[in-house]
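What follows is one structure encoded as structure tokens, with my remarks underneath.
The values are calculated or read from the model by the stated rules, or taken from the named source; none is laboratory data. Computed from a predicted structure; not experimentally measured. No Cβ is skipped: glycine too gets one built from the backbone with ideal geometry, and neighbour counts run over all protein chains shown.
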Amino acid sequence: VPRNDTPSLDALKREIGRLAGIGPKSAERLAYHVLRMPADQAEVLVSAIRRARERIRHCRECGGLTEAEVCAICEDPARDRSLLCIVEKPQDLLSIERTGEYRGLYHVLMGAISPLDGVGPSDLRVESLRERVVKGGIREVIVATNANVEGEATSLYLKKMLEGAGARVTRLAHGLPLGGELEFADLATLALSLSGRREIDES
Ligand SMILES: [Zn+2]
């Protein structure tokens, strides 16, 4: 067995390969690319990762990503504070923002109910959601969880939890792509799904 002269290259490939959506081939290609980069550019990449890790946090109100205590959407006086859109992940919030069709506020759950994965309501930002709605002033809660098993289970749970809290609870219309992940929906589909929202049917 020949001596391995480049264990640090192996480590680089391994770490890149851990990133979402990166297979072994891509990991290898990217590792070589990083090696060929000018030193200062590689340094910029490393410090961008470090800075993002240090500065990005969750908004105290909605749970979306921000570098401040409260995010720009929550602070924007022009947003409609009587509308609250519930999403699973911060990325989903961005997807809905990009449609340009929504002017209300958000609440990020940080996941979806999934008994198979051992994720229950107490693992999600559900209590802070209840508090926001109970506090009053919200006329409609739009549940924009993914159109898959977990998203549907979460949507039914929220509908029950918010019963009698004084807000109408609606759900995005179907028509999202297979698997129903907001992240992968195109903007036109998402905008349609938002405008076609309706009451949650428990049957
Ligand atoms: Zn916020």
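Numerical summary
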| quantity | calculated |
| --- | --- |
| Residue check, Leu93 of a type in the set (A, V, I, L, M), within 14 Å of the ligand (Cβ to nearest atom) and not in a helix (DSSP H, G or I) | no |
| Filter result for Ala173 (within 19 Å of Glu61 (Cβ to Cβ), of a type outside the set (Ser, Thr, Tyr), surrounded by fewer than 18 Cβ atoms within 10 Å (Cβ to Cβ) and touching a helix residue (DSSP H, G or I) at 6+ places or on another chain (Cβ under 7 Å)) | no |
| Filter result for the condition that a residue is under 21 Å from Ile73 (Cβ atoms) and either touching a helix residue (DSSP H, G or I) at 6+ places or on another chain (Cβ under 8 Å) or β-branched (Val, Ile, Thr) (or both), over Val119, Val126, Val149 | Val126 |
| Search result, residues across the stretch 139-153 that are part of a loop (DSSP other than H, G, I, E, B) and either closer than 18 Å to Glu183 by Cβ or without any contact (Cβ under 8 Å) to a residue 24 or more places away in the chain (or both) | Ala144, Thr145, Asn146, Ala147, Asn148 |
| Qualifying residues in the stretch 35-81 (those that are part of a strand (DSSP E or B) and in contact with a Leu (Cβ under 9 Å, 6 or more places away or on another chain)) - the one farthest from the ligand (Cβ to nearest atom) | Asp80 |
| Output for the stretch 117-138, where each listed residue is at pLDDT 95 or above, part of a loop (DSSP other than H, G, I, E, B) and touching a strand residue (DSSP E or B) at 6+ places or on another chain (Cβ under 8 Å) | Arg125, Ile138 |
| Residue match in the stretch 99-106 (condition: more than 16 Å from the ligand (Cβ to nearest atom), buried (at least 17 other Cβ atoms within 10 Å of the Cβ) and not aromatic (Phe, Trp, Tyr)) | yes |
| Every pair of residues 6+ apart whose Cβ atoms lie under 7 Å, when the first sits in the stretch 66-77 and is under 14 Å from His107 (Cα atoms) while the second is more than 9 Å from the ligand (Cβ to nearest atom) | Thr66/Arg57; Ile73/Arg79 |
| Residues satisfying the stated conditions in the stretch 1-34, i.e. in a loop (DSSP other than H, G, I, E, B) and of a type in the set (Lys, Arg) | Arg3, Arg18 |
| Test set (1) away from the ligand (no atom under 15 Å from the Cβ); (2) modelled with pLDDT of 95 or more; (3) surrounded by 19 or more Cβ atoms within 10 Å (Cβ to Cβ) - Ala147 fails condition number | (2) |
| Pairs, first free of Cβ contacts under 8 Å to residues at least 12 places away in the same chain in the stretch 108-136, second polar (S, T, N, Q), C-beta under 9 Å, six or more apart | Gly120/Ser114 |
| Selection from the stretch 107-133 of residues that are loosely packed, with under 14 Cβ neighbours inside 10 Å and hydroxyl-bearing (Ser, Thr, Tyr) | Ser122 |
